[in-house]
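Here is the structure we will look at.
The values are calculated or read from the model by the stated rules, or taken from the named source; none is laboratory data. On a predicted model such as this, the values are computed, not experimentally measured, just so you know. Glycine gets a Cβ as well: all are built from the backbone with ideal geometry, and neighbour counts include every protein chain shown. Note: accessible area is taken over every heavy atom of the protein model, side chains too, but ligands, DNA and RNA are not part of it. Shrake-Rupley method; radii C 1.70, N 1.55, O 1.52, S 1.80 Å.
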Amino acid sequence: MNRDLAMAFSRVTEGAALAGYKWLGRGDKNAADGAAVEVMRCLLNKTEIRGEIVIGEGEIDDAPMLYIGEQVGRGGDEVDIAVDPIEGTRMTAMGQSNALSVLAAGEKGSFLRAPDMYMEKLVVGPGAKGCIDLDKPLMENLRNIAIALNKPLQELVVITLAKPRHDQVIAEMQQHGVRVFAVPDGDVAASILSCMPDSDVDAMYCIGGAPEGVVSAAVIRALNGDMQGRLLPRHQVKGDTEENRRHGAKELERCAEMGVEAGKLLKLEDMARSENVVFAATGITKGDLLEGISRKGDIATTETLVIRGRSRTIRRIKSIHYLDRKDPEVRDIIM
Ligand code: VTB
């Protein structure tokens, strides 16, 4: 993959983030997402790639744009692309922190194709690579991570999502003295934080979205961290009601069609098969990983993280955008 694509992809997430920002705090998740999707697609189609969306907004029937299987780009390197135009539509709609626009690209066949369902995930940075095993209890994993990092359990920092389904594990971790950072939403940013050399987060554990898991796997691989995951049907996560069971049964059917197995342990290499990946994320709202967008009149500032797996270079790009100078099709959505 041409390394200059890193710059091209940062432009794509910047545009999508600016589109999401326009809807910040307006209580309309779908409008925010729709705008980001449209800009992301438009900018991807101006990029010199022959790309296929492998993690996107869903299946063609219910996602008009950036659906799984959609071809994007105007010709060039053949790449698979995993996108989350707004990772945190609720955060964007409600003006909460940590919302990002995210894209990962890799050589053909790089990413696991998984349905949009839940995934249990455990992520660590390079220092604890090879020490995790999701088939073992979480506390045993955390003890092993602490040993690998040469610190007492009481100094371990684990980030998770503050969701009712995690109340019990959060309490258990805290009873054992682990420091828990429970953020409301956004496990992609949380996963990246656990692999960044300048962060004090040691691990990320949660049950979140599978697409978010695959996007995270790409960047974790690029950062030489480690991750394991397990696909879970809805009724095992959200309560064993009739509706959830019906929904869960459909997810299991999709798994069978796509050749993946729910409940089975997935290793990092199963989810991200090559380290020749490029990852770009632009902050929409201020978070622990990235600055949010700020805008005065028609001038907006963005911060974007760009990571190239091959060289493992981590760049932060601060951009100032004169919105009225953007291409008309983008300008009309972001202004
Ligand atoms: C998950 C997580 C995301 O939303 O998809 C979560 O992976 C949805 O959780 O990072 P619920 O089903 O409990 O609402 C995020 O936190 C944000 O998109």
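List of remarks:
- When the criteria are applied in full, D167 fails the requirement of being closer than 25 Å to N98 by Cα, within 16 Å of the ligand (Cβ to nearest atom) and touching a residue at least 12 places away in the same chain (Cβ under 8 Å).
- Tally, over the stretch 139-150, of residues that are open to solvent by less than 60 Å² (accessible area, probe 1.4 Å) and out of contact with any Cys (no Cβ under 8 Å at 6 or more places or on another chain): 4
- Filtered by the rule that a residue be closer than 21 Å to A222 by Cα and in contact with a Leu (Cβ under 7 Å, 6 or more places away or on another chain), the stretch 135-157 gives a lone residue, I145.
- Hits in the stretch 195-224 - residues which are near the ligand (Cβ under 9 Å from one of its atoms), open to solvent by 10 Å² or more (accessible area, probe 1.4 Å) and assigned to a helix (DSSP H, G or I): P211, E212
- The combined condition, being within 16 Å of the ligand (Cβ to nearest atom), without any contact (Cβ under 8 Å) to a residue 60 or more places away in the chain and more than 17 Å from A189 (Cβ to Cβ), is not fulfilled by G51.
- From S97, S101, residue being surrounded by fewer than 23 Cβ atoms within 10 Å (Cβ to Cβ), under 17 Å from the mean Cα position of the chain (by Cα), within 16 Å of the ligand (Cβ to nearest atom) and not aliphatic (A, V, I, L, M): S97
- Entry remark, the stretch 172-186: residues being away from the ligand (no atom under 16 Å from the Cβ), more than 9 Å from V158 (Cα to Cα) and not in a helix (DSSP H, G or I) number 2 in total.
- The listed residue being in contact with a helix residue (DSSP H, G or I) (Cβ under 6 Å, 6 or more places away or on another chain) and assigned to a helix (DSSP H, G or I), out of I147, I192: I192
Residue by residue, here is whether (1) touching a Cys at 6+ places or on another chain (Cβ under 8 Å); (2) buried (at least 16 other Cβ atoms within 10 Å of the Cβ) holds:
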{"position": "V79", "(1), (2)": "no, yes"}
{"position": "M119", "(1), (2)": "no, yes"}
{"position": "V123", "(1), (2)": "yes, yes"}
{"position": "P137", "(1), (2)": "no, no"}
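- Scanning the stretch 225-261 for residues that are surrounded by 15 or more Cβ atoms within 10 Å (Cβ to Cβ) and closer than 30 Å to V306 by Cβ gives G225, D226, M227, Q228, G229, R230, L231, V260.
- Test result for E38, open to solvent by 60 Å² or more (accessible area, probe 1.4 Å), under 17 Å from G15 (Cα atoms) and among the charged types (D, E, K, R): yes
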